[in-house]
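Okay, structure first, notes after.
The values are calculated or read from the model by the stated rules, or taken from the named source; none is laboratory data. Owing to the predicted nature of the structure, the values given are computational and were not obtained by experimental measurement. We place every Cβ from the backbone using ideal geometry, glycine too, and count neighbours over all the protein chains shown. Protein only, heavy atoms only, side chains kept; ligands, DNA and RNA dropped before computing areas. Shrake-Rupley method; radii C 1.70, N 1.55, O 1.52, S 1.80 Å.
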Amino acid sequence: MSLLQWVGSAFVLTASAGLGFYKAERLRKRVEALRSVQAGLQLLDTEIAFSATPLPRALARIARVCAPPAAVIFADAAEGLESRPEVGAGVHWEAAVGKRCAELALAPADEEILAQFGRTLGVSDREDQRKHIRMALERLSVQEREAAGEAAQRVRMWRSLGILAGLAVVVLLM
């Protein structure tokens, strides 16, 4: 086998293994993002219940103290609401969720839960708003448990599959 074949085989194996590790990382990252979003929503519930902070300021404060993956959603929504308050909080929340879901590795079902929550954001009284937050938290908790179960089962499988598929291609090309 020539040097060029060895180099090509190394590239194929590296690329295949990289794809497997990427897929496994996306599964793990989704669980982390769901936990972070839930923590942010719990902070929002606290802000609404006890502080009576205006929504743009509450979202900005949560963005500063929330765990990194979800902080960007709260920051984007706060920035949008501060720059164009006449549009409404829900529109800015949905735009932030739509913009950031892919980078947070959230599934379409997760995005839909967050978008539905956004449609109620800032349009009702304090108690009704807290009800919507608790409902979103419950639904996200179910999604997180399912994602954690899937990650526990499939992370190792994707990593192994990436490496083994690369080895199979290398063997077939020899």
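Total residues in region 130-157 satisfying the condition of being within 17 Å of Lys23 (Cα to Cα) and surrounded by 13 or more Cβ atoms within 10 Å (Cβ to Cβ): the figure is 8.
Can you tell me which residue within region 18-48, out of those that are among the hydrophobic types (A, V, I, L, M, F, W, C) and open to solvent by 20 Å² or more (accessible area, probe 1.4 Å), is farthest from Pro68 (Cα to Cα)? Selected residue: Leu19. Of everything listed in (1) open to solvent by less than 20 Å² (accessible area, probe 1.4 Å); (2) not in a helix (DSSP H, G or I), the single unmet condition for Glu103 is (1). Give me the residue from region 2-12 that is open to solvent by less than 60 Å² (accessible area, probe 1.4 Å) and touching a residue at least 24 places away in the same chain (Cβ under 8 Å) and, out of that set, nearest to Ser141 (Cα to Cα). Checked region 2-12; the qualifying residue nearest to Ser141 (Cα to Cα) is Val12. Pick from region 1-24 the residues that are of a type in the set (Gly, Ala, Ser) and within 11 Å of Gly162 (Cβ to Cβ): which of them is nearest to the chain's Cα centre (by Cα)? In this case the residue turns out to be Ala24.
For the list (1) surrounded by fewer than 17 Cβ atoms within 10 Å (Cβ to Cβ); (2) over 23 Å from Arg30 (Cβ atoms); (3) out of contact with any helix residue (DSSP H, G or I) (no Cβ under 6 Å at 6 or more places or on another chain), I need the number of the one condition that Val91 fails. It is condition (1) that Val91 fails. Taking (1) over 14 Å from the mean Cα position of the chain (by Cα); (2) assigned to a helix (DSSP H, G or I) in turn, Glu111 satisfies each apart from (1). For region 43-92, a residue qualifies if it is in a loop (DSSP other than H, G, I, E, B) and acidic (Asp, Glu), and exactly one does: Glu86. Inspect all residues belonging to region 57-76 and state whether any of them is under 17 Å from Ala151 (Cα atoms) and buried (at least 18 other Cβ atoms within 10 Å of the Cβ). Within region 57-76, not a single residue is under 17 Å from Ala151 (Cα atoms) and buried (at least 18 other Cβ atoms within 10 Å of the Cβ).
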